[in-house]
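Report on one structure; see the data block that follows.
Derivation of every value follows stated rules applied to the coordinates shown; laboratory data play no part. This is a predicted model, so every value here is computed, not measured. All Cβ positions, glycine included, derive from the backbone under ideal geometry; neighbour counts span all protein chains shown.
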Amino acid sequence: MHYRAPGDLRGGFRRAILSAVPLRLPRLHVLDRIAIALLVLGLLCVATGLLPGDDAWAVVRRITPSLLFLASVVILAELTAEAEVFDVIAARIAIAARGSYFVLFLLCVGFATLTTAALNLDTTAVLLTPVMLALAGKVGIAPIPLAMTTVWLANTASLLLPVSNLTNLLALDRIGLEPIGFAARMWPAQLVSVAVTMVFLWVFYWRRSRRGADSYEPPQPHQVPDRVLFRIAGAACVAFVVAILAVNVELWIASAVAAAVVLIAFAVRNPAPLRPGLFPWRLLVFVTGLFLVIETISRHGLSEVMLSLMGTGNDLAGLFRAAFAGAGLANVVNNLPAYVAGEAVVPDGNADQLLALLVGTNVGPVITPWASLATLLWYERCAARGVRVPVGRFAATGAGLAVAALLATVAVLSVTG
C-alpha cells in the first residue's frame, strides 16, 4: 500500500472535480470586461447613494427606447451581413471602379457614408470594416486607406439622421424635431463634414505615394448562397430607412419590425447564424453603465467644468465653444458621456448650441481609439484581422481632421440656422 501525501490527495480531488464538470465559463473579451466593469461601477454609484435612485431610474427610462433600437438594429445589420448584402455591394463597388483608385475612393466614401447615415456608426465599424479589409485582400490593395475611410466616416458621417448615432437620438428628444425635420436641419453640416473628411483621406491615405500602386485588378462578382435571404435582408433595410423618414414610425419599432422579418427568414431558411452571440449585450451593458456613471460624475462637478468650457452663448462663438468642448471631452472619455455632460448645461432654447455640441461629439471623436464606441470596435476588428494601425499617425491625422471639420461644419450650421 502506497502512502499519498495530503497535497497529492487534494490535487487528485481537484482534477476529479474539474473532469466531472463538462461546462466551462466562456472567456470574456477585453471589451466585455470593460462593459461589465462600467455597469458594475454605475450600480455601485446607485448603491452608495452617489447617484440617487430616482435619478438613476430617470436615466434608465430615458435611454430604454435607444437601447431597444440599438439591440434590434445591430441584429438587423448582423443578419444582413450574414445574407452577404454588404459583400455583394463591396464587390460591385470594386468592379464599378474598373481598377481606378480615384473612382474606388469615391465609391467607398459613398458606401461608408450611406451605411453610417442609414444604419448607424456602430454598424459601419462592426460590419463594414471586415468587408473593406476583405476587399483590400481580394483586389490586392493596401488595407489602411480602406480602414481609415471606414472609421473616419463612421464618425463624421453620423450627423444626418437620428438613427446615425445614439447622440442624435438624445438630441432629437431634447430639441423636439421629427426625424425628417432633423435631417433637413443637419444635411448642410453633414455634407461639409463628409467633404472635409474626403480631403483628409485623399491627402493622407489615398494618394499614390501613400497607397503604393497605380491601379488594381477588379474582382469577380460575388455570388450569394441564398438569393431569397439576400433579397429579404436588403428589402428590410430599405423598408427600415423609408419607415423612419417617410412614415414617422418610432425608431425602435421600425428597427424591431425589420429585424423580426429578417430573423423569421433566417429561422426558416438558415437557422445556423441565430446564435446567442447575435444579441449585442455588450453594447447595451456598456451604454447603460456609461450613462449611470456620467450622470453621477455630472452631479459631482463635471457639469461645472462643461459650463465653464462651453458657456451659454447661442452665437457663433458659443457654437464653436460647445463643439470643441464636446470634441475634447469625447477624445478624453467617450462621445456618449461627453454629449450627456454638455447637454446638461445647455440652456433651454439654445437649439443651435445644442446642435453644435452634437457636431463636436459626432465629428470630433477621431483622435483617440476610445473616443467613440465605433472607433473602439473598429480598432479591435483591425487587430483581429492582423491590420496594424499606426497609433501616432492615426492621432495626428485625426487631430487635423477634427479641427478642420469642426471649423467648417459649425460655420455652416450657424449660417443655415
Subject >> Point-to-point label distance, Arg92-Leu407, nm (Cα→Cβ direction, 7 Å offset) >> reply: 4.0 nm
Original post:
So how far apart, in nm, are the two label points at Leu307 and Ile36 if each is 7 Å from Cα heading toward Cβ?
Top reply: 3.9 nm
Subject >> Extension gain, Ala267 back to Glu217 (0.36 nm per residue minus Cα-Cα distance, nm) >> reply: 14.2 nm
Subject >> Estimated vicinal HN-Hα couplings, Hz - the range 221-235 in sequence order (Karplus 6.51, -1.76, 1.60; Gly, Pro = x) >> reply: x, 7, 9, 8, x, 9, 6, 5, 4, 4, 5, 5, 5, x, 5
Subject >> Packing-based exposure ordering (other Cβ within 10 Å, fewest first) of Thr296, Thr416, Thr409 >> reply: Thr416, Thr296, Thr409
Subject >> the chain pair-distance distribution - Cα-Cα, 20 Å bins, rounded % >> reply: 25, 55, 16, 4, 0
**OP:** Using the Karplus curve 6.51 cos²θ - 1.76 cosθ + 1.60 with θ = phi - 60°, work out ³J(HN,Hα) for each residue of the range 165-171 in order, rounded to whole Hz, and write x for Gly and Pro.
**Re:** 7, 4, 4, 5, 5, 5, 5
Subject >> Relative exposure of Leu159, Leu146, Leu406, judged by other C-beta atoms within 10 Å (fewest first) >> reply: Leu406, Leu146, Leu159
Original post:
Considering the chain as a Gaussian network with a 10 Å cut-off on Cα pairs, which listed residue, Asn270, Asn168, Asn120, attains the greatest mean-square fluctuation?
Top reply: Asn270
Subject >> Rounded to whole Hz, the Karplus (6.51, -1.76, 1.60) HN-Hα couplings of the range 401-417, x for glycine and proline >> reply: 5, 4, 5, 5, 5, 5, 4, 6, 5, 5, 4, 5, 4, 5, 5, 6, x
Original post:
What residue among Pro390, Pro179, Pro143 has the largest mean-square fluctuation in a Gaussian network model of the chain, using Cα springs under 10 Å?
Top reply: Pro390
Subject >> Gain in span if fully extended, Asp173 to Arg208, counting 0.36 nm per residue against the direct Cα distance >> reply: 8.1 nm
Original post:
Over the chain, what is the relative contact order in whole percent, taking alpha-carbon pairs under 8 Å and six or more residues apart?
Top reply: 23 percent
Original post:
At Ala384 and Trp187, where each label point lies 7 Å from the Cα along Cα→Cβ, what is the point-to-point distance in nanometres?
Top reply: 3.6 nm
Original post:
When the chain is fully extended, how far beyond the present Cα-Cα distance does Ala47 get from Ala142, taking 0.36 nm per residue of separation?
Top reply: 29.2 nm
**OP:** Hey, can you grab everything whose amide H is under 5 Å from the amide H of Ser215? Only 5+ residues off in sequence or another chain; H modelled, so Pro and N-termini drop out.
**Re:** none
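Would you calculate a helix-derived [θ] at 222 nm for the chain, using -39,500 (n - 2.57) for each DSSP H run of n ≥ 4 and dividing by the full residue count, to the nearest 500? Provide the component values of the computation, followed by the final result.
Values: 19 runs with 296 residues, N = 417.
That comes out to -23500 deg cm²/dmol.
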